[in-house]
Amino acid sequence: MANDREILREIWEGKLPICFRLDSDEVVHVREPDPFYLMVPRLSYFPLVTDKVKKHFVKSVAAEKSDQEMWLEYNGQPLKWHYPIGVLHDLLFDADDMLPWNLTVHFDKFPETKIFKFSNKEMVESYFMACLKEADVLKHRGQIASNMQKKDHNQLWVGLQNDKFDQFWAVNRKLMEVTGDQEHFKYIPFRCYIDEGYKQKLVKPVTENGCKKTLQDLLCEMFPDKKNVQVKTHGLIPPLDTPLQWLSEHLSYPDNFLHLCVIG
């Protein structure tokens, strides 16, 4: 089970400073609205943290556009709301840029061919819970999540939504425990982000001989034809000799997946 609580809390408390600016082409007033600044949790999703952003900018756009879905862009790239914020930053942020992360806000011309429509926060919750259950199938054959009560699922979601570490981990620790006489998960839930999508496959945390696999082993299985592959997660480049089981227990996002952005 994840037992380095200080690391878990440090990951949880990771924040990003963001500057939101309304697209100047959508401003209907003579004076552009001031930018809106927020510190947002890396582990959250944009639809959970941008209510104030929408309220700030919506009065500066045409009335017929005000009830349309708001979407965000960075350097011409629409941001996928179903990716955790930290993943989007690790994947897209230009290393030559300075913080805060400058994002453009839009209410018009939604890029339906590039990102999913977002209708309400229940949609985010459904997606999050589906990922969490998928991760549990990989780790425990789905036995933990399926035996949880509705109140446990609600506590996970509310803990994430309200940025409450203790509330979330009181339930999530059950998903990070090793069941029965096992000393590790069945498979490691992870996604390797490369180009505009991600790859995943079944990877066990130990070899056939019972030896611990490392991040290097995972990358060799994922990219057998590539050398010197590195990944970033939570803004960090983890050492390649880090055991996969430890990574999964301590550096997974709240959906219980390791989100690894390929950088080399």
Enumerate the pairs (first residue in the range 27-43 and closer than 30 Å to Leu236 by Cβ and not assigned by TED's automatic domain parsing to the domain that holds Ala62; second residue anywhere and of a type in the set (Val, Ile, Thr) and surrounded by 11 or more Cβ atoms within 10 Å (Cβ to Cβ)) with beta-carbon separation below 7 Å, excluding pairs fewer than 6 apart on the same chain, so at least 6 apart or on different chains.
-> none
Which one of the conditions (1) more than 17 Å from the chain's Cα centre (by Cα); (2) modelled with pLDDT of 95 or more does Phe168 fail to meet, given that it meets all the rest?
-> (1)
Considering each of Lys121, Lys133, Lys117 in turn, give the residue that is crowded, with 17+ Cβ neighbours inside 10 Å and over 18 Å from Cys19 (Cα atoms).
-> Lys133
How about the range 200-225: which of its residues are free of Cβ contacts under 8 Å to residues at least 24 places away in the same chain, of a type outside the set (A, V, I, L, M, F, W, C) and over 16 Å from Lys186 (Cα atoms)?
-> Glu221, Pro224, Asp225
Subset of the range 111-148 (residues that are of a type outside the set (A, V, I, L, M), touching a Phe, Trp or Tyr at 6+ places or on another chain (Cβ under 6 Å) and within 30 Å of Phe57 (Cα to Cα)) | Phe118, Glu125
Output for Cβ contacts, cut-off 6 Å, separation at least six or different chains, first residue assigned by TED's automatic domain parsing to the domain that holds Asn102 and surrounded by 16 or more Cβ atoms within 10 Å (Cβ to Cβ) in the range 68-85, second part of a loop (DSSP other than H, G, I, E, B) and β-branched (Val, Ile, Thr), reads Pro78/Ile115; Lys80/Ile115
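Just checking, does the range 251-262 include any residue being in a loop (DSSP other than H, G, I, E, B) and of a type in the set (Val, Ile, Thr)?
Scanning the range 251-262 turns up no residue that is in a loop (DSSP other than H, G, I, E, B) and of a type in the set (Val, Ile, Thr).
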Of Asp94, Asp163, which residue is exposed (fewer than 13 other Cβ atoms within 10 Å of the Cβ) and in a loop (DSSP other than H, G, I, E, B)?
-> Asp94
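The values are calculated or read from the model by the stated rules, or taken from the named source; none is laboratory data. Computed from a predicted model, the values in this text were never measured in an experiment. All Cβ positions, even for glycine, are placed from backbone atoms using ideal geometry, and neighbour counts span all protein chains on display.
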